[in-house]
Amino acid sequence: MRVTEGSLADRSELTVRAILLGGLITLVFTAANVYLGLKVGLTFATSIPAAVISMAVLRWFSGASILENNIVQTVASAAGTLAAICFVLPGLVMIGWWQGFPYWTTALVTGLGGVLGVLFSVPLRRALVTDSPLPYPEGVAAAEVLRVGESTREGRDESSRGMAAILTGSFVSAGWALLTALKLTAADANGFFSVGRGVSGINPGFQFALLGIGHLVGLSVGIAMAFGIFIAWGVAVPYLSATMPHAAGMSLEDIAGDVWVHQVRFLGAGVIGVAAIWTLVIVIGPILKGLAAAMAASRARNASGAGALPIEERDIPIGLVGLGVLAALVPIGFLLAYELGGAAGGHAPLVIAGSLVFVLVAGAFIAAVCGYMAGLIGASNSPVSGIGILSALGASLLLVAVLGSGGNSKPLVAYALIVTAVVFGVATISNDNLQDLKTGQLVGATPWRQQVALLFGVVFGAAVIPPVLNLLNAGYGFAGVAGAGKEALAAPQAALISTLAEGVLGGKMDWTMVGYGALLGVALILLDFLMGRLRLLRLPPLAVGIAIYLPMSATLMVVVGAVAGWLYDRAAGRARDGETWKRMGVLVATGLIVGESLFGVLLAGIVTATKNPEPLAIVGAGFRPYALWGGALLFALLAAWNYRRSAQLSR
């Protein structure tokens, strides 16, 4: 789509109200993504729901345009994506270095990494967006939603129905979460039983956010997670519990929990590490080939003497990009020096200089890798957790190369996690940016204005994330930390990354189960490859590893949601307007995630204020059987009604 400068001049784009509305939406989606990322290790794409909300709001103002709505979703999606920093920073609490999340340190680490992510991706736009055949599935979908919204302003009502779909899911999931907090319904069920000489169990969680996640990730990921659950609880826990000694008097639940926590989770960690790294390896070739071809095409176009660039091809000037990168490295250097303190002794200058080079070189490479992966398979499916793992290993090995391993490693582990967090900020933002810029290209947006909006999104996200992290830490805590209760958040990636850093720098980690997990990961990669060659349903190894690593209460309902979403989409295929059906299903599922996640953040605030882990409970433990069976029935009825309502909104 080629838009002239004159036609754009008549249409609002980078406006104050667009920035402010994007910032307000940021409060909602960033908080929801932080909560979800800490609970189950997954986040959701916010571009489409942000676009729907923007269209529903701005349609009441004169002069609003598709370009202004695009700026709103750009701001909100950048901030929502930055929430994935929760995959790293909680590790600092888990190792006992931080007791909470100091506001300015957390905001600076998050924001500076995000700014570098935006700047590194600017020169990649022409190579990976304009001159590239990459499909950008989410960017194209967001552009389609914006185009529908433009026609809605002129008489159609689809954006209103889309907003209704999000609110439907949100009210259902938030209402259910309230009933659970009141103890009128059960959050999960559990049962443990003997398997020969071993033990196993079943522990479904009744949470609508998990159902919504399952709908969004799709059948392939859902079945892969089901396979992971089977490996963990159908094979590993029964076998290991049968072969390992246990203290006398332990219940079946205690035995199963002990084996899963101390053995099986590390099996899952090995699978996650190998699968994430493999996913990066297989896209390096296409990345280099695609970059070379795109740059050659750009040189050929420039050599043809095309004259002044049209407005939809104007980026932030490359000189300003370079200055911005250098300017960001200065506070990063001071931040690293402050965090390192005297831990490196006389080697501190060398460590800091090496870390800055690592951030610069690894950041530029990672921006290209993540941008390409997002264009190829979508930002939601891009394995940025693999970037976190590789960054943590790289930062830790850098310290080992300069200082060696062993001794008091905690300060160095903390330092490695800070370096990892900055690089991870680059990864998360570049993973989202090019998707947004693809949307902008399709709707005729001005790249430099959208890039400025991305910077605003980073600032908003960096401002919101620290208090949300503190609230959730105070309200729930993190699994494995002293004093954490049964509602503690798993923070799976942060736990794995901090464990790896401790293992490399301390030299004390038992790698046995991680090694077995790595071998299992290789086998799963081969299985996935074989199934692809046979044109059967793929089983992403990363999803299998996550299901082994996370508790069943956080994964089984994702499987149910994936199957339910598949059945819904099959029904949509027989409908007159199947694409609208599917779109409404996605928006309702998004609402399910947002409603419960926001209630979870609110409940954390109440827990913190009252110092009561169950501040809203109105019934005692004796009501548990009724809450379990009655709640399970109500959950099923609400889920069915939700899908029925989604179909009604599609007509």
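The values are calculated or read from the model by the stated rules, or taken from the named source; none is laboratory data. Given the structure is predicted, the values throughout are model-derived calculations rather than measurements. Glycine gets a Cβ as well: all are built from the backbone with ideal geometry, and neighbour counts include every protein chain shown. With ligands, DNA and RNA removed, areas are computed over all heavy atoms of the protein, side chains included. Shrake-Rupley method; radii C 1.70, N 1.55, O 1.52, S 1.80 Å.
Considering each residue of the stretch 173-215, count those that are touching a Phe, Trp or Tyr at 6+ places or on another chain (Cβ under 6 Å) and closer than 28 Å to Q648 by Cα, and give that number. Counting residues in the stretch 173-215 that are touching a Phe, Trp or Tyr at 6+ places or on another chain (Cβ under 6 Å) and closer than 28 Å to Q648 by Cα gives 6. Here G191 passes the criteria (1) closer than 12 Å to S553 by Cα; (2) touching a residue at least 24 places away in the same chain (Cβ under 8 Å) except the one numbered (2).
When the residues of the stretch 101-125 are narrowed to those that are modelled with pLDDT under 90 and in contact with a Pro (Cβ under 9 Å, 6 or more places away or on another chain), which ends up farthest from V458 (Cα to Cα)? Step by step, filter the stretch 101-125, then rank; the result is R125. The set of residues in the stretch 605-630 that are among the basic types (K, R) and either in contact with a helix residue (DSSP H, G or I) (Cβ under 9 Å, 6 or more places away or on another chain) or at pLDDT below 80 (or both) contains only K611. There is no residue in the stretch 404-425 that is over 23 Å from V93 (Cβ atoms) and either part of a helix (DSSP H, G or I) or at pLDDT 85 or above (or both). V544: open to solvent by 30 Å² or more (accessible area, probe 1.4 Å), more than 20 Å from V93 (Cα to Cα) and either part of a helix (DSSP H, G or I) or among the hydroxyl-bearing types (S, T, Y) (or both), yes or no? No: the conditions fail for V544. Residue pairs whose Cβ atoms lie under 7 Å apart, separated by 6 or more positions or on different chains, with the first residue in the stretch 470-484 and assigned to a helix (DSSP H, G or I) and the second modelled with pLDDT under 80 and not hydrophobic (A, V, I, L, M, F, W, C), are L471/G605; L471/T608; A474/T608; G475/G605; G475/T608. Selection within the stretch 100-110: residues that are part of a helix (DSSP H, G or I) and open to solvent by less than 10 Å² (accessible area, probe 1.4 Å). The member of this set that is farthest from N431 (Cα to Cα) is T106. When the stretch 248-270 is filtered for residues that are β-branched (V, I, T) and buried (at least 16 other Cβ atoms within 10 Å of the Cβ), the ones remaining, listed by number, are I255, V259, V264. Among the numbered conditions (1) open to solvent by 50 Å² or more (accessible area, probe 1.4 Å); (2) under 23 Å from the mean Cα position of the chain (by Cα); (3) at pLDDT 90 or above, the only one that I525 does not meet is (1). Can you report the number of residues in the stretch 631-651 which are exposed (fewer than 12 other Cβ atoms within 10 Å of the Cβ), modelled with pLDDT of 85 or more and charged (D, E, K, R)? The number of residues fulfilling the criteria is 1. For the stretch 574-583, the criterion of being over 30 Å from V145 (Cβ atoms) and not in a loop (DSSP other than H, G, I, E, B) is satisfied by no residue at all. Taken over the stretch 211-247, the residue count meeting the criterion of being of a type in the set (A, V, I, L, M), over 17 Å from Y516 (Cβ atoms), open to solvent by less than 30 Å² (accessible area, probe 1.4 Å) and modelled with pLDDT of 85 or more is 4. Counting residues in the stretch 512-522 that are touching a helix residue (DSSP H, G or I) at 6+ places or on another chain (Cβ under 9 Å) and closer than 24 Å to L89 by Cα gives one or more.
Of all residues in the stretch 584-604, at least one satisfies being in contact (Cβ under 8 Å) with a residue 40 or more places away in the chain, among the polar types (S, T, N, Q) and touching a helix residue (DSSP H, G or I) at 6+ places or on another chain (Cβ under 7 Å).
So that you can scan it fast, the table gives a plain yes or no per residue for (1) under 30 Å from R59 (Cβ atoms); (2) out of contact with any Gly (no Cβ under 7 Å at 6 or more places or on another chain):
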| position | (1), (2) |
| --- | --- |
| A76 | yes, no |
| L82 | yes, no |
| C86 | no, no |
| M94 | no, no |
| Q99 | no, yes |
| Y103 | no, yes |
| A107 | no, yes |
| L119 | no, no |
| L124 | no, no |
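Tell me whether the stretch 128-135 contains one or more residues that are modelled with pLDDT of 90 or more and not polar (S, T, N, Q). No, every residue in the stretch 128-135 fails to be modelled with pLDDT of 90 or more and not polar (S, T, N, Q).
Name every residue in the stretch 25-49 that is open to solvent by 10 Å² or more (accessible area, probe 1.4 Å), at pLDDT below 75 and part of a helix (DSSP H, G or I), in order of residue number. Scanning the stretch 25-49 gives a single hit, I48. Annotation note: Cβ proximity below 7 Å between a residue of the stretch 510-535 that is under 18 Å from V281 (Cβ atoms) and a residue that is open to solvent by 30 Å² or more (accessible area, probe 1.4 Å) (sequence gap 6+ or interchain) occurs for G517/F266; A518/V274; G521/V274; V522/V274; I525/W278; D528/R538; D528/P540; G532/R538.
To keep it simple, each residue is scored yes or no on (1) open to solvent by 10 Å² or more (accessible area, probe 1.4 Å); (2) closer than 24 Å to S220 by Cα; (3) at pLDDT 85 or above; (4) among the β-branched types (V, I, T).
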{"position": "F334", "(1), (2), (3), (4)": "yes, no, yes, no"}
{"position": "A337", "(1), (2), (3), (4)": "yes, no, yes, no"}
{"position": "F358", "(1), (2), (3), (4)": "yes, no, yes, no"}
{"position": "C370", "(1), (2), (3), (4)": "no, yes, no, no"}
{"position": "G375", "(1), (2), (3), (4)": "no, yes, no, no"}
{"position": "G378", "(1), (2), (3), (4)": "no, yes, no, no"}
{"position": "N381", "(1), (2), (3), (4)": "yes, yes, no, no"}
{"position": "V384", "(1), (2), (3), (4)": "yes, yes, no, yes"}
{"position": "A401", "(1), (2), (3), (4)": "yes, no, no, no"}
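Looking at R533, is it surrounded by fewer than 20 Cβ atoms within 10 Å (Cβ to Cβ) and either in contact with a helix residue (DSSP H, G or I) (Cβ under 8 Å, 6 or more places away or on another chain) or at pLDDT below 80 (or both)? Against the criterion (surrounded by fewer than 20 Cβ atoms within 10 Å (Cβ to Cβ) and either in contact with a helix residue (DSSP H, G or I) (Cβ under 8 Å, 6 or more places away or on another chain) or at pLDDT below 80 (or both)), R533 does not qualify. The set of residues in the stretch 607-628 being in contact (Cβ under 8 Å) with a residue 12 or more places away in the chain, hydrophobic (A, V, I, L, M, F, W, C) and exposed (fewer than 14 other Cβ atoms within 10 Å of the Cβ) consists of I618, V619. Checking each residue of the stretch 484-492 against the condition of being surrounded by fewer than 22 Cβ atoms within 10 Å (Cβ to Cβ) and farther than 22 Å from I546 by Cβ gives at least one match.
Looking at this structure, is V199 under 16 Å from D258 (Cα atoms) and in contact with a Leu (Cβ under 6 Å, 6 or more places away or on another chain)?
Details: under 16 Å from D258 (Cα atoms): yes; in contact with a Leu (Cβ under 6 Å, 6 or more places away or on another chain): yes.
Taking the combined requirement at face value, the residue satisfies it.
Here A564 meets each of (1) within 30 Å of F208 (Cβ to Cβ); (2) small (G, A, S); (3) open to solvent by less than 20 Å² (accessible area, probe 1.4 Å) with one exception, condition (3).
In the set G319, G307, which member is at pLDDT 70 or above and either among the β-branched types (V, I, T) or loosely packed, with under 13 Cβ neighbours inside 10 Å (or both)?
G319
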